[in-house]
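Asks: Please read through the structure below; I'll follow up with questions.
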Amino acid sequence: MTPEPTESQATAAEIASLKRLAAGIIRAQGNRFVKDLLRSKGIRIGTNKDEFEANLNHAIESSHLRIDDVRAWLADVEGWGNQHVYLYKLTPSVSSQLTERKIHRRVAAAGLEGVWDGETALAFPDEPTLTSISFTDSVFRLVWQESSPNWTPEPEKNYTKQEGLDLYEYRAFRQVERRAITRFEAHVQEGLAGLFIADPIQGTEHQNAINEAKRVIALLFDLGAMERGLVNISTVSKNLDQRNVPSNNTASDQVKTQRSRLASGGAYVEFAANSRDKAYWEEPAIQDVRKSVRSQQLLAFQGIDGVFIFQQTEGGLSRPLRVQLYGKENRIRLWASMDAGEVWTILSKLSEYE
């Protein structure tokens, strides 16, 4: 008779499920991603394929590796936050096109049926690849995935070497495999949509990711109508700053402005705190200067750059979160790892300041 597992032991069903999941990841991409998971759990990897598979199976069967560990790892490598965001308000014409029936029909017509409700958990392609299109609970989603390797220092591998009269120091870095996610989500009931570009995607790659997303979007609904709803981040930045300066009859404890740059013509003024955790207006003298700018005077200014700290008093936030707004590019930068709820809480709040 098989004994009942203790609280610290995995059930037979969990072990079988985890083995299938691990095998799927390895089958899709090899062992390069799973080995980083094992390393993070202090589990021996081995020096060849046979040792790796034996150690992986032993870790699963002995409950040193649990299915929750893998799920948390998968969530981390495809998580939210640390992203650039382009925010849109959905016009009535766009919202009318965003129904599951209409989108599914367009997906089939575009030859993308193969990724409808696609599985995103196992794919780490070397090139950006559309892996999933879905429509669930009035949320339309597009997901692109790609491998995004990085280098992490390994000081214990450092060494020095004497060559003649010269001493050389060699510093080791280990390649860590990560996953970069580009997302488009339209929350139809809330009337908002966002295009999310992961932070590792930079330069021309960043623009290419935007172009690819818009290419696919144009196959599924009216891209031009969506573009007309692009939120003006310059306006959001200056209004968010103005309305959260103390004594302006606003709840200034909800959002702190760490930095705000306002431009007019060929000149600009900038207010900034030296500390990343403080609002510039926490210095009384600076607050007095900033309060001299009246709301009606803001019409002559553009919000060029702003850094804001959303406080945990905001609904849906359990900690302060730092957000940067780039007015000229209509771009939002999320500076921390977040969950989806935190991201959409912030985006919803930003949309109210346009």
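Asks: All other residues with a Cβ under 12 Å from the Cβ of Leu192 taken together, and with Lys, Arg as +1 and Asp, Glu as -1, what is their net charge? Could you put the intermediate results ahead of the total?
Replies: Details: positive: Lys89, Lys349; negative: Glu185, Glu190, Glu352, Glu354.
So the environment of Leu192 carries a net charge of -2.
Asks: Grab the beta carbon distance between Ser318 and His58, set R0 = 30 Å, and tell me the FRET efficiency rounded to 0.05. Intermediate results must be reported in sequence, preceding the final value.
Replies: Details: r = 37 Å, r/R0 = 1.24.
Rounded to the nearest 0.05, the efficiency is 0.20.
Asks: Between rounded, prolate and oblate, where does the range 223-354 land on the alpha carbon gyration tensor, with a ≥ b ≥ c its root eigenvalues, rounded for a/c under 1.5, else prolate if a/b exceeds b/c?
Replies: oblate
Asks: Can you work out the FRET efficiency for the pair Gln311 and Asp137, with r the C-beta to C-beta distance and R0 = 30 Å, to the nearest 0.05? Don't jump to the answer; show the numbers that get you there.
Replies: Working: r = 29 Å, r/R0 = 0.96.
Step by step, r from the Cβ atoms, then E = 0.55.
Asks: Separate question: Give me the net charge of Gln324's neighbourhood, meaning all other residues with Cβ under 10 Å from the Cβ of Gln324; Lys, Arg count +1, Asp, Glu -1.
Replies: Working: positive: Arg259, Arg322, Arg331, Arg333; negative: Asp305.
Residues close to Gln324 contribute a combined charge of +3.
Asks: Sort 97-108, 40-51, 229-240 by packing, meaning the average of other beta carbons within 10 Å per residue, with the highest value first. Please list the in-between numbers first.
Replies: Values: 97-108: 15.2, 40-51: 12.1, 229-240: 21.2.
The packing order, highest mean first, is 229-240, 97-108, 40-51.
Asks: Provide the FRET efficiency to the nearest 0.05 for the Thr235-Ser275 pair, computing r from the beta carbons and using R0 = 25 Å. Before the final figure, lay out each step's value.
Replies: Values: r = 27 Å, r/R0 = 1.08.
My answer for the efficiency is 0.40.
Asks: Sticking with the crude label model, points 7 Å out along Cα→Cβ, report the distance from Ala110 to Phe173 in nm, one decimal please.
Replies: For the pair Ala110/Phe173, the computed spacing is 3.6 nm.
Asks: Which one, Ala340, Asn330, Tyr353, is farthest towards the positive end of the dipole of the range 312-354 when Lys and Arg carry +1 and Asp and Glu -1 on their Cβ?
Replies: Projecting each Cα onto the dipole axis, the largest value belongs to Asn330.
Asks: Relative to the Cα centre, what is the charge dipole magnitude of the range 80-227, using +1 at the beta carbon of each Lys and Arg, -1 at the beta carbon of each Asp and Glu, and rounding to the nearest 20 debye? Don't skip to the answer; put the middle values down first.
Replies: Details: 15 positive and 21 negative charges, 98 e Å.
About 480 debye.
Asks: Please work out the Cα center distance from the range 33-72 to the range 244-303, rounded to the nearest Å.
Replies: Using only Cα atoms to place each centre, the spacing works out to 51 Å.
None of the figures in this text is laboratory data; all of them are computed from the coordinates on show. Just so it is clear, the model here is predicted, and its values are computed rather than measured. So basically every Cβ, Gly included, is an ideal-geometry build from the backbone, and we count neighbours across all protein chains shown.
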